[in-house]
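Enquirer: Encoded as structure tokens, here's the structure I'll be asking about.
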Amino acid sequence: MPSNKSVSDAPIVQFTNCRILRDHQLQREDLWVREGKILNPEKLFFDEKGSADVQLDCKDSIIAPGFIDVQINGGFGVDFSLATDDFKSGIDLVSQKILSHGVTSFCPTLVTSPPSVYHQVLPQISVRNGGVHGAGILGAHLEGPFISKEKKGAHPEHCLRSFEAGAFQDLLATYGSLDCVRIVTLAPEMRRSSEVIQELTERGICVSLGHSVANLSQAEEAVQHGATFITHLFNAMLPFHHRDPGIVGLLTSDKIPAGRRVFYGMISDGIHTNPAALRIAHRAHPKGLVLVTDAIAGMGLAPGRHTLGQQVVEIDGLNTYIAGTKTLSGSVATMDTCVRHFQEATGCSVETALEAASLHPAQLLGIEHKKGTLNYDSDADFLMLNDNLYVQATYIAGEEVWRQDASGM
């Protein structure tokens, strides 16, 4: 059957012999791609009378949407919270390297820093599409400095700030610009945080609750004002208590506005969260779970001393600590590792594990119409994986951007 080129001259690629993650199920179908988008084959056959120009045998691989990491502080020796002259080449390096771990889009994350760092770094982060050059950038995640001193974790205390007389203006003055900002993590118990949450939400910026000693009613009030995310659940917040479960209580709160879903990040590296805690969260609120790496500059490097913004951190196996302490400071886990650990720890389905790193972060950011699924007309950002969820190839806009070579590298 000849291709009908009246609609587009672009080649049509048909991925065959695969199981596609679509509508929460692995389905034995072919995947059709043209001009970087997923095609509806019925329209192609019946409306255009078209057919594939290229067929690719996937050898029974799983095809899943590309992973989206909404909290990554750096990796491979690059620290996003350090203002350097070659910051852009650093972000390019990370975006290139994470392709091999299945990440096709990410939010470069800055930990609590002095205003001068935000003023220097943020203008150098721009939202961009992914490709052979690396994963797409969805906008920055600013984790702090408007967080709790008691739950600062690995954040430097001398850089913490509160909302003074100006509230939102204080935030603007600290960051310098919100042009490329996608997520802000703050502590909702801070005075005047409600008006800041409302203002950020009105600007389309996702507000996340974290590094906080908030009780449940303060967390619920923050959600009522627009907050939709929890930064690394269980870490850097009050532990669950039966009389006041704190931020953790949002997972089963009956005070969430109708039609709103609260999402929560989890560092599924086997270090930050006990597998039992991972299971509790997942069973309580499975549709809100978003896997994040919270990776630091030491990801992909040998154990030893590395940086996290203003602090020196030490890597010992999969543990990362503020040097000289036992305070955990981010992770060195890659996203594909987190997906595999999550599936193993919870016993969830392959589909559920994959969606926690793709569909759920896309829904959190309101981009599920184009990312995080393999629905027709969405971006053709996808992975080929084996049955053990190891990434074999990564595609962005239908183009192969990474493939495991024969030696397994």
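The values are calculated or read from the model by the stated rules, or taken from the named source; none is laboratory data. Note that the coordinates shown come from a computational prediction; the quantities given were computed from them, not determined experimentally. Neighbour counts are summed over all protein chains in view; Cβ atoms, including those assigned to glycine, are modelled from backbone coordinates with ideal geometry. Keep in mind that these areas ignore ligands, DNA and RNA; they rest on the heavy atoms of the full protein, side chains included. Shrake-Rupley method; radii C 1.70, N 1.55, O 1.52, S 1.80 Å.
Enquirer: Averaged per residue, what accessible area in Å² does the chain show with a 1.4 Å probe, protein chains only?
Expert: Computed with neighbouring chains in place, this is 40 Å² per residue.
Enquirer: Mind checking which of Val339, Leu99, Val213 is farthest towards the positive end of the chain's charge dipole, using Cβ charges of +1 (Lys, Arg) and -1 (Asp, Glu) about the Cα centre?
Expert: Checking the options against the dipole of the chain, the answer is Val213.
Enquirer: Just how much of Asp60 is accessible, in Å², when a 1.4 Å probe is used and the result is rounded to the nearest 10?
Expert: Only protein atoms counted, so the area is about 60 Å².
Enquirer: Hey, which aspartates and glutamates would be in cross-link range of Lys371, C-alpha to C-alpha under 20 Å, not counting anything within fewer than 8 residues on its own chain?
Expert: Qualifying aspartates and glutamates at Cα under 20 Å: Asp23, Glu29, Asp30, Glu35, Asp69, Asp336, Glu351, Glu355, Asp379, Asp381, Glu399, Glu400.
Enquirer: For the stretch 172-225, state which trypsin sites (Lys or Arg not before Pro) are in a DSSP loop and have at most 14 other beta carbons lying within 10 Å of their beta carbon.
Expert: Filter output for the stretch 172-225: Arg191, Arg203.
Enquirer: So, in nm, how far is label Asp9 from label Tyr390 when the simple model puts each one 7 Å beyond its Cα toward the Cβ?
Expert: Between Asp9 and Tyr390, the label points sit 4.3 nm apart.
Enquirer: Using only alpha carbon pairs under 8 Å that are at least six residues apart, calculate the relative contact order of the chain and give it in whole percent.
Expert: 20
Enquirer: Just to confirm my understanding: which cysteines in the chain have no other cysteine beta carbon less than 4.7 Å from their beta carbon?
Expert: So, Cys107, Cys159, Cys180, Cys206, Cys338, Cys348.
Enquirer: Between Ala284 and Glu35, what's the calculated FRET efficiency when r is the beta-carbon distance and R0 is 35 Å? Round to 0.05.
Expert: 0.25
Enquirer: Right, something else. Sort His241, His225, His369 by accessible area with a 1.4 Å probe, largest first.
Expert: Ranked from most to least accessible, the order is His369, His241, His225.
Enquirer: Follow-up. Expressed in nm to one decimal, what extension gain is obtained for the pair Asn129 and Gln96 from 0.36 nm per residue of sequence separation less their Cα-Cα distance?
Expert: Result for the pair: 10.6 nm of gain on full extension.
Enquirer: Evaluate E = 1/(1 + (r/R0)^6) for Asp254 and Ser349, where r is the Cβ-Cβ distance and R0 equals 25 Å; express this FRET efficiency to the nearest 0.05.
Expert: About 0.35, to the nearest 0.05.
Enquirer: Going through the cross-link list Lys59/Lys287; Lys152/Lys326; Lys97/Lys287; Lys37/Lys370; Lys97/Lys326; Lys255/Lys287, which pairs have a Cα-Cα distance over 20 Å in this structure?
Expert: Violating the 20 Å limit, Cα to Cα: Lys59/Lys287; Lys97/Lys287; Lys97/Lys326.
Enquirer: By how many nm would the segment from Arg261 to Lys59 grow when fully extended, if each residue of separation counts as 0.36 nm and the alpha-carbon distance is taken off?
Expert: 69.0 nm
Enquirer: Now a separate question. So how much accessible area does Val127 have, in Å² to the nearest 10, using a 1.4 Å probe?
Expert: 90
Enquirer: Assuming R0 = 56 Å, can you tell me the calculated FRET efficiency for the pair Glu42 and Asp86, based on Cβ-Cβ distance, to the nearest 0.05?
Expert: 0.70
Enquirer: Treating the angle as unsigned and between 0 and 90°, give the value, to the nearest 10°, between the Cα long axis of helix 87-97 and the longest Cα principal axis of the chain.
Expert: In the chain, helix 87-97 runs at an angle near 50 degrees to the longest axis.
Enquirer: At 1.4 Å probe size, with the rest of the protein present, what percent of the exposed accessible area of the chain is carbon and sulfur atoms?
Expert: That fraction is 49 percent.
Enquirer: Using a cut-off of 13 Å between beta-carbons, work out the net charge of the residues near Ala167 (Lys and Arg +1, Asp and Glu -1, Ala167 not included).
Expert: -1
Enquirer: OK, next. Once fully extended, how much extra length lies between Glu164 and Asn274, figured as 0.36 nm per residue of separation less the alpha-carbon to alpha-carbon distance?
Expert: Taking 0.36 nm per residue and subtracting the Cα distance, the gain is 35.9 nm.
Enquirer: So I have [x] 50, 25, 20; [y] 45, 25, 21; [z] 36, 22, 21, and one of them is semi-axes √(5λ) of the Cα gyration tensor in Å calculated from this model. Which one is it?
Expert: [z]
Enquirer: Report the GluC sites (Glu not before Pro) located in the stretch 155-198 that are in a DSSP loop and have at most 15 other Cβ atoms inside 10 Å of their Cβ, or state none.
Expert: Those satisfying the criteria are Glu164.
Enquirer: What does the accessible area of Glu150 come to, in Å² to the nearest 10, when a probe of 1.4 Å is used?
Expert: 140
Enquirer: Sticking with this structure for a sec: What ranking of His282, His119 comes out by heavy-atom accessible area, probe 1.4 Å, highest first?
Expert: Result, largest first: His119, His282.
Enquirer: A follow-up question, please. Label-point separation (nm) for Asp179 and His119, each offset 7 Å from Cα along Cα-to-Cβ?
Expert: Taking the simple label geometry, Asp179 and His119 are separated by 1.6 nm.
Enquirer: Using a 1.4 angstrom probe on the protein heavy atoms only, line up Arg161, Arg243 by accessible area, largest first.
Expert: Putting Arg161, Arg243 in descending order of accessible area: Arg243, Arg161.
Enquirer: Put a dot 7 Å past each Cα toward the Cβ at Arg28 and Lys326; how far apart are the dots in nm?
Expert: 5.3
Enquirer: Using helices alone, I'd like the mean residue ellipticity at 222 nm for the chain: each DSSP H run of four-plus residues gives -39500 (n - 2.57), total over residue count, nearest 500.
Expert: Taken over the chain, the calculation gives -5500 deg cm²/dmol.
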